[in-house]
Amino acid sequence: MAQPPIPSFADAFAYSFDAWQRSILFLDVMRQRGEQYEEHAAQTAPHVLNYDAELVVDGRKLERPVNYALVRIVPPEGIVVDTLKRPFVVVDPRAGHGPGIGGFKADSEIGVAMKAGHPCYFIGFLPEPVPGQTIEDIARAEAVFLETVIARHPDADGKPCVIGNCQAGWAVMILASLRPELFGPIIIAGTPLSYWAGVRGQYPMRYSGGLLGGSWLTALTGDLGGGLFDGAWLVQNFENQNPANTLWSKQYNLYSKIDTEPERYLGFERWWGGHVTLNAEEMQFIVDELFVGNKLAAGEIRTSDGTVIDLRNIRSPIVVFCSKGDNITPPQQALDWILDLYDSVDEIRAYGQTIVYAVHDKIGHLGIFVSAGIARKEHDEFASNIDLIDVLPPGLYEAVLEPASEVVEGRALVAGEWVMRCEARTLDDIRALGGNDIEDEHRFAAAAKFSEVNLALYRTFLQPAVRAMVTPAFAEAMRRVHPLRLQYELFGPSNPFMAWIQAAAEHVRLDRKPVTAENPFLALQENMSQQIVNGLEAWRRTVEQLSEETFRAVYGAPVLQTALGIDSKTDRPCRPAKSHLHQELVKTRIASLRAEIAEGGLREALARALLFVGKARGGADERGFEAIRRLRRAHPTASQLTLPQFKALLRKQYFILLIDEEAALAAIPRLLPEDLDERRSAFKVLREVLEASGAIAGAAAERMQRVETLFGLGSETVPFATRKSARERKTS
């Protein structure tokens, strides 16, 4: 085993000189960060968008004013958008940070949507809320924004695709349940919707509300802020989830890569330090109704006019993007609302919903909507294939991405670096990700009840005194001394001890002498850093384990549950009520579809045959949809069918197949033209679309053979089961 080299005096001197230079440059970046923070805070409408934008609607001028606004993203030079394509609307979270993260660089949600040719809009907000605005007011304002976008694109091939990041996702879902007609496909990235869900031993943030005694602390914080809740506290919650990164890794990464890292670091810190405020009432609603109460998926939230917010009312396809590496919104919190709402995939279909989910293996919460790699892969594929997602038959799917370089069949139909396939899934696939058992549900229900009790006690005995004590000056001082704000201001221009740093850093850059990678002291530095990270990680795991055990012990106590009115004997969690009216409407619709089985023509026959064969494949592939696009362009008569009409056609034929497959297939010959050449030509089109995704084999081949017979062509063609794929023909 080779012995490490013995450090020499020259090594020590070189490392010491480099460490001194890096320290000066590090302090200079901290100085720049402080200046950037103060400049950003001084702006009237601070944001981190990397694109020019023009104001379309100012939410402060609406009937119920809010501090939100709709802007149109101006395409940069070289980017051409197609006004006939559906617009994209990106909504950023108001979760402590300022707006713009959905488009703060070229490889972003806005960037990939424009690259795909879609007009883009952005919904952002100002740092201070309008006095008295509520979450409901914001939802109604966003409805006005979407109405405006739709009116500006009357000829677009579909309603707007709306992207909701993190907390903006649940706001988008609430609005979509109230105004489903405004939405095309919905993409929710890193969005918590089932707030109690998780896996034992992981994701401790869901326990924090119970461990703090509920939402009374939220009310206290809002009162100490003079009616405003400081978003810096929300950012602090994010920071607390990863102490190793917060206390060490983020700064050490900058220090160790000081010659290359500052630009990226400052770009992110510009957003991370852009703290905003919320009305205390807004934050109280979020905590009571969502985080602690978990009332959204349970259908227990009502608007001011008594309307129940029921996510089953959403009619647009919903794309859920989450990650196993996200400890803020783990997959269970992003997906288990589906289990809360539905008992089976058939019930999802009965509501006409299409849900597509994608689970990343390791990316963290922020990476879901800020990572360039994620933008170039997942978000690029979502944007490029949004029309495919829109026309998928109702059901549950998982988006699976395959490198385009590994594709042989239909390679010419793939534009990007990945091929997206939507594969059919069941509720058991979501359950397999892990989740709560009924005892866990009882514990969280107890925590929610305990929160209500504590909040009532605070409002009765303490809140009047706190509000009487707090003055506007006191509230402002509380915000100024928040630890997250102080860390920026201490290194900013207001600190006279930082005055010498800029000149010293310029001198260092002129005489920069970085140490070589072989220097043994550099290896020692890396080793010490790793030891610090390991120690902080061990501390985090210990605290998380203790938090979970405490939560389980306290709120799992039978005495406490009984005192709070929790029925620990029930074996079913709280779920939204089933609607008998909806069941009757489904029966009526089924009867109507049965009467239409034999109605239609060639289009209906082709759609029915396409769905029948495709069903055996268990999903849809972007190559098949691109083949349909090209056929529509090549045949002007086919292009007369708009995308919404094509979607309606596919959905109707899909439901007809679900109701009575045999009767639906038996009716196909009656839908076809009598002319044999027309049928032969139509069948050729069907075959080209299906073969675009690969060779037709197995059960799909058997179904295709049956379709040939129904088209009256069975004796003219070679059986599909005996045909070779393109890959096989090349190797034979």
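In table form, for the structure just shown:
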read-out	value
All positions within the stretch 254-273 that are part of a helix (DSSP H, G or I) and free of Cβ contacts under 8 Å to residues at least 12 places away in the same chain	263, 264
Failed criterion for residue 54 (all others in (1) open to solvent by 60 Å² or more (accessible area, probe 1.4 Å); (2) assigned to a loop (DSSP other than H, G, I, E, B) hold)	(2)
All helices (runs of 4 or more DSSP H) inside the stretch 348-397 with 1 or more residues being farther than 20 Å from residue 586 by Cα and touching a Pro at 6+ places or on another chain (Cβ under 7 Å)	386-391
Where a residue in the stretch 460-489 is outside any helix (DSSP H, G or I) and its partner, wherever it lies, is not polar (S, T, N, Q), with Cβ under 7 Å and at least six apart	470/223; 470/224; 470/226; 482/230; 482/232
Qualifying residue in the stretch 695-711 (condition: in a loop (DSSP other than H, G, I, E, B) and modelled with pLDDT under 90)	yes
Residue identified as over 22 Å from residue 80 (Cβ atoms), in contact with a Cys (Cβ under 6 Å, 6 or more places away or on another chain) and not in a strand (DSSP E or B) among 127, 99, 131, 93	93
Within the stretch 494-503, considering residues that are open to solvent by 80 Å² or more (accessible area, probe 1.4 Å) and touching a helix residue (DSSP H, G or I) at 6+ places or on another chain (Cβ under 9 Å), the one farthest from residue 29 (Cα to Cα)	494
Any hit, the stretch 113-129, residues being surrounded by fewer than 24 Cβ atoms within 10 Å (Cβ to Cβ) and among the β-branched types (Val, Ile, Thr)	no
Sole residue being farther than 30 Å from residue 257 by Cβ and in a helix (DSSP H, G or I), chosen from 543, 559	559
Qualifying positions in the stretch 641-665 - more than 18 Å from residue 706 (Cβ to Cβ) and aliphatic (A, V, I, L, M)	641, 643, 648, 649, 650, 659
Verdict on residue 149 being more than 20 Å from the chain's Cα centre (by Cα), open to solvent by less than 30 Å² (accessible area, probe 1.4 Å), assigned by the TED database to the domain that holds residue 305 and at pLDDT 95 or above	yes
Within the stretch 546-565, tally of residues that are under 22 Å from residue 203 (Cα atoms) and surrounded by 15 or more Cβ atoms within 10 Å (Cβ to Cβ)	7
Qualifying positions in the stretch 410-440 - more than 25 Å from the chain's Cα centre (by Cα) and either in a loop (DSSP other than H, G, I, E, B) or crowded, with 19+ Cβ neighbours inside 10 Å (or both)	410, 413, 437, 440
Residues of the stretch 504-522 satisfying the condition of being without any contact (Cβ under 8 Å) to a residue 40 or more places away in the chain and either outside any loop (DSSP other than H, G, I, E, B) or surrounded by 15 or more Cβ atoms within 10 Å (Cβ to Cβ) (or both)	506, 507, 510
Any hit, the stretch 244-256, residues being under 25 Å from residue 357 (Cβ atoms) and either open to solvent by less than 10 Å² (accessible area, probe 1.4 Å) or within 24 Å of the chain's Cα centre (by Cα) (or both)	no
Filtered residues of the stretch 660-694 (kept if hydrophobic (A, V, I, L, M, F, W, C), in a helix (DSSP H, G or I) and either touching a Gly at 6+ places or on another chain (Cβ under 8 Å) or open to solvent by 40 Å² or more (accessible area, probe 1.4 Å) (or both))	666, 671, 676, 685, 689, 690
Candidate set from the stretch 569-600 (those that are assigned to a loop (DSSP other than H, G, I, E, B) and open to solvent by 70 Å² or more (accessible area, probe 1.4 Å)); member that is farthest from residue 678 (Cα to Cα)	569
Residue under evaluation residue 386, criteria (1) at pLDDT 95 or above; (2) open to solvent by less than 40 Å² (accessible area, probe 1.4 Å), criterion not met	(1)
Out of 608, 603, sole residue that is of a type in the set (Lys, Arg) and buried (at least 20 other Cβ atoms within 10 Å of the Cβ)	608
Candidate set from the stretch 58-80 (those that are in a loop (DSSP other than H, G, I, E, B) and hydrophobic (A, V, I, L, M, F, W, C)); member that is least open to solvent (accessible area, probe 1.4 Å)	66
Positions within the stretch 255-306 being outside the structural domain of residue 179 (by the TED database) and among the basic types (Lys, Arg), in sequence order	257, 264, 270
Number of the condition not met by residue 295 [criteria: (1) touching a residue at least 12 places away in the same chain (Cβ under 8 Å); (2) touching a helix residue (DSSP H, G or I) at 6+ places or on another chain (Cβ under 7 Å)]	(1)
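Yes/no per residue for (1) surrounded by 24 or more Cβ atoms within 10 Å (Cβ to Cβ); (2) farther than 30 Å from residue 383 by Cβ; (3) not hydrophobic (A, V, I, L, M, F, W, C):
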{"site": "193", "(1), (2), (3)": "yes, no, no"}
{"site": "203", "(1), (2), (3)": "no, no, yes"}
{"site": "209", "(1), (2), (3)": "yes, yes, yes"}
{"site": "261", "(1), (2), (3)": "no, no, yes"}
{"site": "267", "(1), (2), (3)": "no, no, yes"}
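The values are calculated or read from the model by the stated rules, or taken from the named source; none is laboratory data. Since we're looking at a predicted model, the values are computed, not measured. Neighbour counts are summed over all protein chains in view; Cβ atoms, including those assigned to glycine, are modelled from backbone coordinates with ideal geometry. Side chains included, ligands, DNA and RNA excluded: accessible areas come from the protein's heavy atoms. Shrake-Rupley method; radii C 1.70, N 1.55, O 1.52, S 1.80 Å.
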